[in-house]
1. Explain nothing, just the number: relative contact order of chain A, from Cα pairs under 8 Å at least 6 residues apart, as a whole percent.
2. Using a Gaussian network model of chain A with C-alpha springs under 10 Å, which one of A:52, A:30, A:103 is most mobile by mean-square fluctuation?
3. Evaluate the relative contact order of the stretch A:26-73 (contact order divided by residue number), counting alpha-carbon pairs under 8 angstrom at least 6 apart; express in whole percent.
4. Simple spin-label model, 7 Å along Cα-to-Cβ: residue B:66 to residue A:10 in nm?
5. Would you mind ranking A:89, A:102 so that the residue whose beta carbon has the fewest other beta carbons within 10 Å leads the list?
6. How far apart, in nanometres, would the label points at residue B:80 and residue A:67 be if each is projected 7 angstrom from Cα along the Cα-to-Cβ direction?
7. Inverting the mean 1/r over all pairs of different Cα atoms, compute the Kirkwood radius of chain B and quote it in Å.
8. Report the residue, chosen from A:26, A:56, A:40, that carries the largest GNM mean-square fluctuation when chain A is represented by alpha-carbon nodes joined by springs under 10 Å.
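Nothing in this text is a laboratory measurement; each read-out follows from the coordinates by a stated rule. Only a predicted model underlies this, so the values are computations on that prediction, with no experimental measurement involved. Positions of Cβ are generated from backbone atoms using ideal geometry, with glycine treated the same way; all protein chains shown enter the neighbour counts.
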């Protein structure tokens, strides 16, 4: 069964600190993996996208990694800011059929001053 | 960048009434649009896939007669919640796929519509 699991479920950190979010997936055949940021009451906004051959991708203070062998990905946030408080969703796209997105359970991040 | 809009952003209605939500791709053509529902503290759940000019494909457990989807043009899809009940209260998000991109499955998400049924 195609699944995407994220950990931790929620996380609280102090402003300025770094954090790493995890994503494990069992999606086959694999097409690509995306990380989205979703602010409360808003739609998801894309942070990074990685295909099978990519190991790392950065977008400002966000750095995503992908290990296609172990089917794991991480999102590292550097020097966190209050505006980073949001849900972070890992999404895996399968090559089969209609390229549906398979959503992870999300990690709710709270950055405190 | 690609922009997807939704209207309204927030709607409150009485039980038994119908509500229409619009999803528009503003600067690209979208042959496929998706409708999602999200309950508090949960991830997005796909309700249906909407293809321009054809009938929508609904996910298992989603009532097609209750959630009417129309994708009449390459830039507009609508979701109508018919005979709404309080349990239909949720956050509805649409997305549009830009087939012109190299990564063909890229979806752009709208800002969402908060539906509250009293």
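1. Reported as a whole number, the value is 37 percent.
2. Of A:52, A:30, A:103, the Gaussian network model singles out A:52 as fluctuating most.
3. 26 percent
4. Taking the simple label geometry, residue B:66 and residue A:10 are separated by 2.8 nm.
5. With the fewest neighbours first, A:89, A:102 line up as A:102, A:89.
6. In this crude label model, residue B:80 to residue A:67 measures out at 5.2 nm.
7. Details: mean 1/r = 0.0705 Å⁻¹.
Computed over Cα pairs of chain B, the Kirkwood hydrodynamic radius comes out at 14.2 Å.
8. Judging by the Gaussian network model, the answer is A:40.
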